[in-house]
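Some notes on the structure that comes next.
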Amino acid sequence: MSGAVPAGARETLENMLGHLGFAFTLEEEKRGEDSVLHVRMQNPSRLIGREGEVLDDLQFLLNRMLARGDEPPPRVIVDVENFRREQEAALLDEIKEFVERARAGETVELPPMNAYERRIIHQAFKDDPKVETVSPEGPARLKRIRVRPRRPAKS
């Protein structure tokens, strides 16, 4: 796997994990618009945490450290032993019924999600001709996406 990970991302993550005492290897991947750093290690549960909480915090911290001034910060996804990939597939499978209801003409509200999960949903349906996703504004960490029938483009 290879890809263009933002400058300094790999070294920063290597330093963070090294200082925490983890034995690991890193692989880089470009997945669509996202840069992914895959962490390979013997005992991934310590770094993933319960329901991915430790991994979420690590990814948030890495991205905050990479943010520089006024330019938009690079976005790096940290995955450990394909936990994120499996999580994405499970999330999309979980909301299938909601999306089918929206395709049938109903507006549905999904369960509360963090920013990472919302981004997965928005990316998955951004080009769908039948449904669109809308997130509410505001500073809340967990928000409910609305999935609704796509409105015709204004001409």
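The values are calculated or read from the model by the stated rules, or taken from the named source; none is laboratory data. All values reported here derive from a predicted model rather than from experimental measurement. Backbone-built Cβ (ideal geometry, glycine too); neighbour counts: all protein chains shown.
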| field | Residues satisfying the stated conditions in the range 88-118, i.e. in contact with a strand residue (DSSP E or B) (Cβ under 9 Å, 6 or more places away or on another chain), without any contact (Cβ under 8 Å) to a residue 60 or more places away in the chain, part of a helix (DSSP H, G or I) and under 22 Å from Ile48 (Cα atoms) | value | Leu91, Ala115, Arg118
| said: Given the condition at pLDDT 90 or above, exposed (fewer than 15 other Cβ atoms within 10 Å of the Cβ) and in contact with a helix residue (DSSP H, G or I) (Cβ under 7 Å, 6 or more places away or on another chain), answer yes or no: does some residue in the range 84-97 qualify? | reply: yes
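Listed here are the residues, each with its yes/no results for (1) touching a helix residue (DSSP H, G or I) at 6+ places or on another chain (Cβ under 6 Å); (2) more than 24 Å from Ala4 (Cβ to Cβ).
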| site | (1), (2) |
| --- | --- |
| Ile48 | yes, yes |
| Gly52 | no, yes |
| Arg75 | no, no |
| Val78 | yes, no |
| field | Test: residue in the range 52-71 that is assigned by TED's automatic domain parsing to the domain that holds Asn15 and aromatic (Phe, Trp, Tyr) | value | yes
| request: Would you confirm whether any residue within the range 132-146 is part of a loop (DSSP other than H, G, I, E, B), under 24 Å from Arg31 (Cα atoms) and aliphatic (A, V, I, L, M)? | output: yes
| query | Restricting attention to the range 54-74, does a residue exist that is free of Cβ contacts under 8 Å to residues at least 24 places away in the same chain, β-branched (Val, Ile, Thr) and in a helix (DSSP H, G or I)? | reply | yes
| task | State whether the residues of the range 81-103 include one that is over 30 Å from Val131 (Cβ atoms) and among the small types (Gly, Ala, Ser). | result | no
